[in-house]
Structure formats: C-alpha cells, structure tokens
1. Would you tally the residues in region 110-144 being among the aliphatic types (A, V, I, L, M) and over 15 Å from the mean Cα position of the chain (by Cα)?
2. Please name all residue pairs, on different chains or six or more residues apart, with Cβ atoms under 8 Å, provided the first residue is in region 56-79 and is on the phi < 0 side of the Ramachandran plot and the second residue is surrounded by 11 or more Cβ atoms within 10 Å (Cβ to Cβ) and among the polar types (S, T, N, Q).
3. Of all residues in region 109-142, which are assigned to a loop (DSSP other than H, G, I, E, B) and surrounded by 11 or more Cβ atoms within 10 Å (Cβ to Cβ)?
4. Looking only at region 51-59, decide whether some residue is in a loop (DSSP other than H, G, I, E, B), surrounded by 13 or more Cβ atoms within 10 Å (Cβ to Cβ) and among the aliphatic types (A, V, I, L, M).
Amino acid sequence: TGGSMSSQPIQDGSSKAEPEIEITTNSKTESNLSGDDYDGKDGSLIRTLWAALNALVWLPVCGGLSILCVVLIPVLGLTAAQRLMWRCACVYFRLVLWASGVSYTVVGLERLDPSAHYFFACNHRSDYDIPLAFAALPFWLISIAKS
C-alpha cells in the first residue's frame, strides 16, 4: 500500500498549499511482513526472521551511538548531537527497510526547497510510515505526537 505525506512550509506562516510528497511501498512485501500470509510458501516467515535478526543487531549499534550522542552533548553542543542522532535514526531505518525487503519510491521530492523548513504529516496507512519518512526524506526530522 502507498502512503502520502503532506508538506507545509513553516517559515512564513502563509497558508498556500504545497505539493504532497508520496512514498509508495511494495504492497506484497508489506502484507507479508504484517502476518497475513504465513503459509511458508513465499518465504514470508524467513523474511520476517531475517528482519528481526537485523533489527536485533542494528538496534543496539545505532541506539548505542544515539546514547553516546546524548553523553557528548556538552562536547558537541545540543544541535550537533541532535543531528548526529537523526543520522543514526536514518541509517537504522534504511537498514530495517532493506532487511525487511521493503522497496519504496518517492514522488514530489524535487518540488521542495532543501533550504526551506517543512512540516511533514504521515497518513499512517502503513506500519512503515515513520521508517520511510526518516529513510526517504533528506530533511532533519523531529518527531512529534498527539497524546
């Protein structure tokens, strides 16, 4: 299934509509990983075990680097440490998507100004919205959530 993200500039406060960014995933891979087809004929159980193994390996590595960034805040400064933690998250999510066999296509990214600031909102039609946002968008992302 595909997902889309709306992008809205936050620099000038205007309400003009900006183009949507669409990230489309391979739906067969996504349904296999969600537990729908565990008949063993298409390798979904093996793929899921492979993804879990990779997550167990890479989560401590990337998570450990992120924790190290927190410790290094007095040395690096807050902004540099946050950017390094964001880079660790991007690498981790790219590894998870690769290990999961999720391929994706980004449409509309070329219409965004890399020097501008944007607000991206995921539609949450997929379990991969957050990993895809971090892996596919070349912007420094800060996550927020509604309680």
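What follows is calculated from the coordinates using simple rules that are stated; it is not laboratory data. All values derive from a computational prediction rather than experimental measurement. Quick reminder, even Gly has a Cβ in these numbers, built from the backbone with ideal geometry, and neighbours come from all protein chains shown.
1. 2
2. CYS69/GLN82
3. LEU112, ALA116, HIS117, ASN123, ARG125, SER126, ASP127, TYR128, LEU137, PHE139, TRP140, LEU141, listed by residue number.
4. Checking region 51-59: not a single residue is in a loop (DSSP other than H, G, I, E, B), surrounded by 13 or more Cβ atoms within 10 Å (Cβ to Cβ) and among the aliphatic types (A, V, I, L, M).
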